[in-house]
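The values are calculated or read from the model by the stated rules, or taken from the named source; none is laboratory data. Worth saying up front: this structure is predicted, and the values here are computed from it rather than measured. Here the Cβ positions follow ideal geometry from the backbone for every residue, glycine too, while neighbour counts run over all protein chains shown. The area values use the complete protein model at the heavy-atom level, side chains included, leaving out ligands, DNA and RNA. Shrake-Rupley method; radii C 1.70, N 1.55, O 1.52, S 1.80 Å.
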Amino acid sequence: MKQGTTMPDVLAKLPEAEKAAAAKEITQFLLSLKKPDFAPQAPDHVAAALGHALFHSRGCAACHAPRDAKADELQMAGSVPLGPLEAKYSHASLVKFLRDPHAVRPSGRMPNMQFQGRDAERIAHFLLQKTRVPGGLRFTLYRGQVWEGLKGEDVKTERGGQVADFNLASLGRVEQHTAMTYEGWLNVRVKGTHQFFLTMNGGSLMVDGKTLIEEAPSDRRGVKSFEASVDLDAGPHAIQFTYFHTGRKAELTFELQTPQMPRGPVPSEMLSVTKEPIVAFESPKVDATLANKGREHFTKLGCANCHDDLKLSMLSAPVLAKLDASRDCVMRFALSDAQRSLIQKALPTAEKLVLDDTQRIHKTLAALNCIACHERDGLGGPAQERRALFTSTQPSLGDQGRIPPPLTHVGAKLTPQWLAEVLLHGRRQRDYMEASMPQFGEAQVAHLVELFGRVDKLEDAVLPKVAPLQESKAAGYEMVGTGGLGCIVCHQFNGQRAGEISALDLAPITQRLQKNWFTLYMRQPSRFHPTVIMPGFWPDGKTLRPNILNGDTAQQIDAIWNYLADGERAKKPVGLSRQTNELRVGDVAEICRGRGSAAGFRGIGVGYPERVNLSFDSTEMSLRQLWRGEFANVDFGSFHPRGADVITLPPGIPFHRLKSPDGNWPYKGKTNHTFPQDHGYEWKGYSLDAKRRPTFRYQFGEIAVEEFFEDVVGRNGRAFFKRTLTLIALSAQTEFHFRAAAGKSAEKISTNEFRIEKLTLRLPEGTNAIVHDGSPAEVLVPLTLPQGKTTLTLEYQW
């Protein structure tokens, strides 16, 4: 049932004929202790997929066997067994246990993993995937720009599970721009023609793998009606239905007419998630007579000796020194020969065992399996076959970024206050390490703080005579920055980083570390971690920066400590970033490039002297943001608006030939790596005028496009943008559309003015523009170009 369990065979001494009855009676006794509330729940397969990753990354697989996507155990030596969890837990009871395991098992062997948000629920869905409950249909719900199809880049799976029928009310509240896939079995009662009647925006219906109805969704129109018929034999038939809840007045009706049933909704009795019926779970009934017999067994068989929370009488245990591990009660445990041999050696002194501090530490680390993740003085550490399960958000840090740190000398390394915070309150600094720091409870680990302090001793470092404190701090400030030793090239400082690597934050170092350990470590990092990536800056005791503090190694290390002692109040080291990350605009425009908050990885931000600003996406060649006031904050290759009245425009190319009036504007899909080049686009760069204002250049098919934005002050004294597009066609062009603006809402307010959320768009008199409702709503300008140059000027005002 559960290989490797520490649960003994308590029925071993009973005759074989009595074992089944005794097991049933003990079960009845345990059921009588509380009102049964076990209620199996259909697993959410979307959450389960997330739980699969969490089970391995958060550290569960450090103790338990790793599992495949179907939650089948991948046998691995030394794993704590779990057994068939779906036979033991409901989803609710497993989530409750994962969130607070000590409420059920105060011994602390199963730690509190400090799961955040819905992580416990997702892991429970993953582990309980084999739970089977009756249901009509298996569903998957998607959210996003579903009118582009389920494989669109902005479409995400949100949840899954089972429902009784095709009624949307079965899913709870269904938001606009949602899609669902249903799959199951249609149980046909009588052979004959079955007619389906659907009302929807878009979707598809398949029966036995044959497509009966298929309609592409569109966010530009309302619903349509569809009919289809198919001849079916009596019995189960596979049914799959995809529905897109989008467009105007989104709604769904799904009706069926059979030889025996008039047209109407499909009854839930005709639907099943499996071809063969699933028997519904029935809560067991307690037999008082059997429960009383079970209570007797519970005490006579010694169950109460371990499970003492019931406060029942216990058996008298024999003297350990007189036990024989090759027989007696030890044989009731599933132990290997090697384990029995070790037990036999320990029995003579087990009851009068006296452990020194080092042994007490090792006993605790082994009992709680801390050594599954941590190594201490050669004891434990992740097994080779499990090392790949430890992951990091900072791969550039190598093993030090993903493998939990060693505990060798930890009592001489960390301050007692910090060590207590880690062990008792889950304090952590290595946020890039995806494995959780488990919490075992004060009763189990509080003693380690004192024990580590007593056992772990290092020689006293030679500390220098303290230089003037401010001079020392100034030297430390210089060395930490890029002009000195460049510590912040790899380390964070107060949550900020200077480069791609983001190792431990330096600001709280003097709170975490003991000064003696810090001094010894700085002199020779490899002494404490043979594979450490931290370089040695004082090889053979000689400094690499002889120009600082006269090249005195001890004074330099002490200076770094003194500088870091100011913690969060310490001055930012040189090279971390600008002393201010604001980019300001003067008499000419300012430009920044990198990842924009809306403009993607190849964004271009431009701040204009009249205090209006924009960001342009050079990947999709589109205007993405407008704002007023201060320009931008620039950090690590990205920029973000600082000002107010930020208007964000949706992604998408500026020009396109629509196939139909209600056609969708194209967007980049998840797997479409050639977008927008596959639509005829090519980025040509930009040039600057005398005021450093850019003209963006790109190609759309045979049309060369130039875009110039000018900051203009209106009669009311408020600045706005005038956008001039110059289009040069090699030959006359048939009609295509220019998307002048888009947003959550768009309306025409005069012959040539449009309101898009907080933005007012003004077009030249006589320009024919149309408003496309949908998400997003769009203002489209139809264009038909002659050969040569055409100019279009627009105004964008707040």
- In square nanometres and to one decimal, what's the mean projected area of the convex hull around the Cα atoms of region 492-635? 12.2
- Message: On a 30 Å Cα-Cα criterion, which of the cross-link pairs Lys224/Lys748; Lys722/Lys744; Lys130/Lys293; Lys35/Lys293; Lys96/Lys457; Lys684/Lys748 come out too long?
- Response: Lys130/Lys293; Lys96/Lys457; Lys684/Lys748
- Query: Kirkwood-based Rg over Rh for region 246-323 (C-alpha set), two decimals?
  - Reply: 1.47
- Item | Dimensionless Rg ratio for region 125-218, taking C-alpha atoms and the 2.2 N^0.38 Å reference | 1.20
- Task: Report the charge-dipole magnitude of the chain in Debye, nearest 20, computed about the Cα centre from +1 at each Lys and Arg Cβ and -1 at each Asp and Glu Cβ.
- Result: 1040
- Enter the mean projected area of the convex hull around the alpha-carbon atoms of region 106-157, in nm², rounded to one decimal. 6.5
- Task: Calculate, in whole percent, how much of the Cα-Cα pair population of region 579-626 lies beyond 14 Å.
- Result: 48
- Those GluC sites (Glu not before Pro) in region 652-732 that DSSP places in a loop and that have at most 14 other beta carbons within 10 Å: Glu702
- Task: Name the residue farthest towards the positive end of the dipole of the chain from the options Phe738, Asn187, Gln359, assuming +1 on Cβ of Lys and Arg, -1 on Cβ of Asp and Glu, about the Cα centre.
- Result: Gln359
- At a temperature of 10 °C and a viscosity of 1.306 mPa s, determine how fast region 484-551 diffuses translationally according to Stokes-Einstein, using the Kirkwood radius over alpha-carbon pairs as Rh; express D in µm²/s, rounded to the nearest whole number. 120
- Message: As an exercise, identify the GluC sites (Glu not before Pro) in region 151-211 lying in DSSP coil whose Cβ has no more than 14 other Cβ atoms within 10 Å.
- Response: Glu175
- Query: So what's the convex hull volume per residue for the Cα atoms of region 1-129, in Å³?
  - Reply: 137
- Note on the structure: Contact order relative to length for region 575-642, counting C-alpha pairs under 8 Å separated by 6 or more residues, stands in percent at 32
- Task: Run down the lysines and flag those whose C-alpha is under 16 Å from the C-alpha of Lys465, throwing out any fewer than 8 positions away in its chain.
- Result: Lys473, Lys515
- In Å², what does the accessible area per residue of the chain work out to with a 1.4 Å probe? 51
- Query: Taking a ≥ b ≥ c as the square roots of the eigenvalues of the Cα gyration tensor of region 641-798, is the shape rounded (a/c under 1.5), prolate (a/b larger than b/c) or oblate?
  - Reply: rounded
- Message: Taking just the alpha-carbon atoms of region 422-487, what radius of gyration and Dmax come out, in angstrom?
- Response: 18.7, 48
- Using a 1.4 Å probe on the protein chains only, how many percent of the accessible area of the chain belongs to carbon and sulfur? 52
- Taking N as the number of residues in region 210-369, what is its Cα Rg relative to 2.2 N^0.38 Å? 2.20
- Helical mean residue ellipticity (222 nm; -39500 (n - 2.57) per DSSP H run of 4+; nearest 500) of the chain: -5500 deg cm²/dmol
- Task: Could you give me the radius of gyration and the Dmax of region 316-383, taking only the C-alpha atoms into account and expressing both in angstrom?
- Result: 14.4, 40
- Query: Hey, what did the chain get for relative contact order, percent, Cα under 8 Å, at least 6 apart?
  - Reply: 9
- Note on the structure: The correct pair for region 666-725, radius of gyration to one decimal and Dmax as a whole number, both in Å and from Cα atoms, is 15.7, 48
- Expressed in whole Å with the largest first, what are the equivalent ellipsoid semi-axes of the chain derived from the C-alpha gyration tensor as the square root of 5 times each eigenvalue? 58, 48, 18
- Item | With eigenvalues of the C-alpha gyration tensor scaled by 5 and rooted, region 133-180, Å | 21, 11, 8
- Task: Taking a cut-off of 16 Å between Cα atoms, list the lysines near Lys363, but don't count ones fewer than 8 places away on the same chain.
- Result: Lys352
- Note on the structure: Here, trypsin sites (Lys or Arg not before Pro) of region 38-107 satisfying both criteria (DSSP loop; at most 12 other Cβ within 10 Å) are Lys70
